[in-house]
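Take a look at the structure set out below.
The values are calculated or read from the model by the stated rules, or taken from the named source; none is laboratory data. Note that the structure is predicted; figures quoted are calculated from it, not measured. Please note: Cβ atoms are built from the backbone with ideal geometry, for glycine as well, and neighbour counts cover all protein chains shown.
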């Protein structure tokens with residue numbers, strides 16, 4: 001059975017459109033606002049929502065998303081409180097939902113328990129930035145019983161490992177645009193066209209570029225290379241701005257609308 005993620009990309013491909021994948025941190029500034037933000041971003045044109053599960057040591061995240069995680073943890077956000085929020089989201093929308101979660105969080109929670117709750121609440125995919133290829137094989141075996149896509153990450157440094165990383169992948173491939181951690185960037189030192197072509201040689205599922213995509217100009221520049229674009233830190237910056245004057249939803253809605261227009 002095709003996941004919501006696959007169905008979404010198929011519909012977009014039929015219309016020759018690209019996916020806007022929007023990231024926010026669950027619980028930043030609180031879980032009620034997270035629910036509101038998901039619905040507002042969908043209205044603004046987001047096609048897939050990435051929900052970060054806050055973690056105290058997020059190795060792949062830059063300072064902006066680290067601050068968001070700290071704000072979320074400070075108000076008591078944890079996995080047990082995130083699942084009921086996701087369930088409420090799923091009652092209101094069929095937009096594909098993807099967790100960005102560190103493997104230690106899943107392991108400590110209990111792999112089967114975590115996957116059962118993902119299935120029951122309507123989570124469609126998992127992005128696990130600290131899960132090495134070798135350990136992913138074990139998780140893949142367990143996930144065969146779940147309608148959840150395990151979305152691989154490939155980086156420009158993956159080189160000879162790209163084929164193995166994307167083998168059997170579902171949903172989409174998360175193509176990391178640059179070395180280092182997440183964050184907004186003015187330029188990319190990597191030849192992204194060459195990198196994306198390398199990935200395309202080994203898989204036919206959609207490719208989405210993330211890390212550093214922060215404005216309309218970048219989206220216009222990169223949209224011809226891939227099937228989707230992932231925006232995270234730039235949206236979190238709008239959340240931060242909105243916290244100051246209680247305009248979180250408005251600021252994020254307006255920004256995501258501008259990104260959607262560029263796509």
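Can you pull out the residues in segment 27-37 that are free of Cβ contacts under 8 Å to residues at least 60 places away in the same chain and buried (at least 21 other Cβ atoms within 10 Å of the Cβ)? Hits for segment 27-37 are 27, 34. What do you reckon, is residue 117 modelled with pLDDT of 90 or more, surrounded by 19 or more Cβ atoms within 10 Å (Cβ to Cβ), more than 22 Å from residue 224 (Cβ to Cβ) and in contact with a helix residue (DSSP H, G or I) (Cβ under 9 Å, 6 or more places away or on another chain)? When the stated conditions are applied, residue 117 passes them. Scanning segment 51-64 turns up no residue that is over 26 Å from residue 215 (Cβ atoms), touching a residue at least 24 places away in the same chain (Cβ under 8 Å) and part of a helix (DSSP H, G or I). Quick check on residue 156: is it over 24 Å from residue 212 (Cα atoms) and outside any helix (DSSP H, G or I)? No; evaluated as a whole, the condition is false for this residue. Just one of the listed residues (91, 50) is within 28 Å of residue 17 (Cα to Cα), at pLDDT 95 or above, out of contact with any helix residue (DSSP H, G or I) (no Cβ under 9 Å at 6 or more places or on another chain) and surrounded by fewer than 18 Cβ atoms within 10 Å (Cβ to Cβ), and it is 91. Taking segment 65-85 as the range and being closer than 14 Å to residue 105 by Cα and outside any helix (DSSP H, G or I) as the test, the residues that pass are 77, 78. Residues in segment 58-70: is at least one within 19 Å of residue 228 (Cβ to Cβ) and surrounded by fewer than 20 Cβ atoms within 10 Å (Cβ to Cβ)? Within segment 58-70, one or more residues are within 19 Å of residue 228 (Cβ to Cβ) and surrounded by fewer than 20 Cβ atoms within 10 Å (Cβ to Cβ).
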